[in-house]
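The values are calculated or read from the model by the stated rules, or taken from the named source; none is laboratory data. No experiment lies behind these values; they were computed from the predicted model shown. Counting neighbours? That spans all protein chains shown, and the Cβs are built from the backbone with ideal geometry, glycine included. These area figures cover heavy atoms from the full protein model, side chains too; ligands, DNA and RNA do not enter into them. Shrake-Rupley method; radii C 1.70, N 1.55, O 1.52, S 1.80 Å.
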Amino acid sequence: MPSSFRLAPSLCVLAFACLAGSVSAQPAGAVPALQPQGAGRWVCGGIGSDESTAFRAAMKQHPLSLLFARASGDYLADVQVTVKNAQGADALSGTARGPVCLIDLPAGRYTVEATVEGKTQRHTVTVGGTPATADFRF
C-alpha cells in the first residue's frame, strides 16, 4: 500500500483507489471501479473534462460524494482526507488524487475533514437515504 495512505486498522470501511498508480487505465469518460475495503468502497478522480463529467454524473448513485475546488470553481486534487465515525474514531485517512470522490459506506454519521495547502475544512454528513455531498471550497 502506498505510504501516503493510512487506514485505521479496526475501522477500515473504505479504500482509496484514487492514489497515483492504483487505478488501471479506463476509457475516456469512464469511472474506474470502486475499490472494496471492509464494509465500504471508494474511488476518486475527475481529472479532464470527460472523466469529470462521468464522475459528476455518478455522484447521485453513491451514498456519499466529495467535491474539492477553489472558491473560483477550479477543481483541486492532492487533498488530504480523513473520515471519522460518529464516535470520533478515524475510519480512513489518505490523499485524494482527484477532485471528485465517490464513496459507498454503511449508513451513519461521519465527519469528513479535507486539508489542502495548509487549510482545513470539516463537514458532518449523514449517510443513508438520499445521497449526501460534502462540497469543500478552498
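In this structure the amide hydrogen of residue 76, modeled in the peptide plane, comes within under 5 Å of the amide hydrogens of 68, 69, 70, none closer than 5 places in sequence on its chain.
In sequence order, the stretch 46-61 has phi-based couplings of x, 8, x, 5, 5, 5, 4, 4, 5, 5, 4, 5, 7, 4, 6, 9 Hz under the Karplus curve 6.51 cos²θ - 1.76 cosθ + 1.60, θ = phi - 60°, and Gly or Pro positions carry x.
Given an 8 Å cut-off on Cα distances and at least 6 residues of separation, report the relative contact order of the stretch 33-86 as a percent.
Details: 24 pairs, mean separation 7.7, N = 54.
After rounding, I find 14 percent.
Determine which residues of the stretch 90-127 fall in the zone a paramagnetic label at residue 70 would reach in this model, i.e. backbone nitrogen under 13 Å from the point 7 Å along Cα→Cβ. Zone members listed by number: 117.
Taking the Cβ of residue 84 as the center, what net charge do the other residues with Cβ under 10 Å away carry, scoring Lys and Arg +1 and Asp and Glu -1? Spell out each step's value before the answer.
Working: positive: 109, 122; negative: 90, 113.
Net charge in that neighbourhood comes out at 0.
If I stretch the segment between residue 137 and residue 123 completely, what's the gain in nm (0.36 nm per residue apart, minus their alpha carbon distance), one decimal?
3.9 nm is the gain from fully extending residue 137 to residue 123.
Going 7 Å from the Cα of residue 78 in the Cα-to-Cβ direction, what parts of the stretch 43-63 have a backbone nitrogen less than 18 Å from that spot? The answer is 44-48, whose backbone nitrogens lie closer than 18 Å to the label point. Accessible area per residue for the stretch 89-138, computed on protein heavy atoms with a 1.4 Å probe, is 42 Å². Taking GluC sites (Glu not before Pro) across the stretch 32-138, the ones in a DSSP loop with at most 13 further Cβ atoms lying within 10 angstrom of their Cβ are 117. Using 0.36 nm per residue and subtracting the Cα-Cα separation, the extra length available between residue 50 and residue 111 on full extension is 19.0 nm.
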